[in-house]
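For reference, the structure discussed in these notes is given below.
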Amino acid sequence: MKISDLVITESDEHLSSTKPSPNALYEDDVLTETTLLNLMYCPLYSVAALLLDLRTSLSFDKGNTGLIVFRKVNRIIFDDSFNQPLPVPYVWTIGDSRVSQTEQGVEFLLPFMDGKMQVIAQKIEFYVGSVKDIGEIATSLDEGITDYIQSIPKWESDFEVIASSSRV
């Protein structure tokens with residue numbers, strides 16, 4: 001299946017019986033050093049998703065790709081405190097991460113260097129899986145943007161789910 005299939009189609013059949021360990025929906029800070037590759041927001045379906053490169057993570061030793069899907073999104077706040085335009089390409093490395101229950105739903109907070117992202121949704125799904133042919137180690141930007149872009153997961157990449165969980 002494609003990564004994007006997990007975003008648009010809500011189905012419990014996509015959820016694996018294996019739970020991620022560690023689990024970013026129940027444990028703080030497990031996404032430290034993970035690279036944020038892309039954010040998708042579909043207002044028509046009230047769905048948002050974060051595509052993550054787990055190869056840079058300090059916590060995950062299985063799977064090279066992470067996907068966090070937010071369903072029935074109540075709020076997305078992207079707060080950047082950048083004092084100047086960022087260079088392109090710029091690697092968005094996640095620092096701490098926090099998940100908490102609020103009156104509005106489940107709140108997911110991702111701080112970055114000089115900024116943060118907050119998403120509140122009624123349901124969050126977390127997938128850990130593998131995209132073929134991207135390797136076990138992330139390509140360095142020192143090797144050039146073309147090589148880097150070719151070696152990262154994309155929304156249309158074939159994705160094998162290794163573990164998943166959800167939180168309401």
Practice prompt. Quick one: check the C-alpha center-to-center distance for segment 1-40 versus segment 115-157, whole angstrom.
Written response: 11
Item to complete: Would you kindly derive the ³J(HN,Hα) couplings of segment 20-34 from the backbone phi angles with the Karplus curve 6.51 cos²θ - 1.76 cosθ + 1.60 (θ = phi - 60°), listing them in order in whole Hz, with x for Gly and Pro?
Response: x, 9, x, 10, 5, 8, 10, 10, 6, 6, 6, 8, 4, 6, 5
Discussion item. Among (1) 10.5; (2) 25.4; (3) 9.5, only one was calculated for this model; which label is it, if the read-out is mean projected area of the Cα convex hull in nm²?
Written reply: (3)
Discussion item. So for segment 1-116, averaging the separation of alpha carbon pairs under 8 Å that are six or more residues apart and normalising by length, what relative contact order in percent results?
Written reply: 26
Discussion item. Let's test the formula: R0 of 41 Å, r as the Cβ-Cβ distance of Asp80 and Asp158. What FRET efficiency results, to the nearest 0.05?
Written reply: 0.80
Worksheet entry | Difference of contour (0.36 nm per residue) and Cα-Cα distance, Glu10 to Asn23 | 2.7 nm
Worksheet item: With each run of n ≥ 4 DSSP H residues scored as -39500 (n - 2.57), what mean residue ellipticity at 222 nm is computed for the chain after dividing by its residue count and rounding to the nearest 500 deg cm²/dmol?
Response: -1500 deg cm²/dmol
Response to the item:
Extension length gain for Met113 and Val168 (0.36 nm per residue less Cα distance), in nm, is 16.9 nm
Fill in: Extended-chain gain in nm, criterion 0.36 nm per residue less alpha-carbon gap, Tyr41 and Asp133
30.5 nm
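All of the numbers you see were taken from the coordinates with simple rules; none came from a lab. All values reported here derive from a predicted model rather than from experimental measurement. All Cβ positions, even for glycine, are placed from backbone atoms using ideal geometry, and neighbour counts span all protein chains on display.
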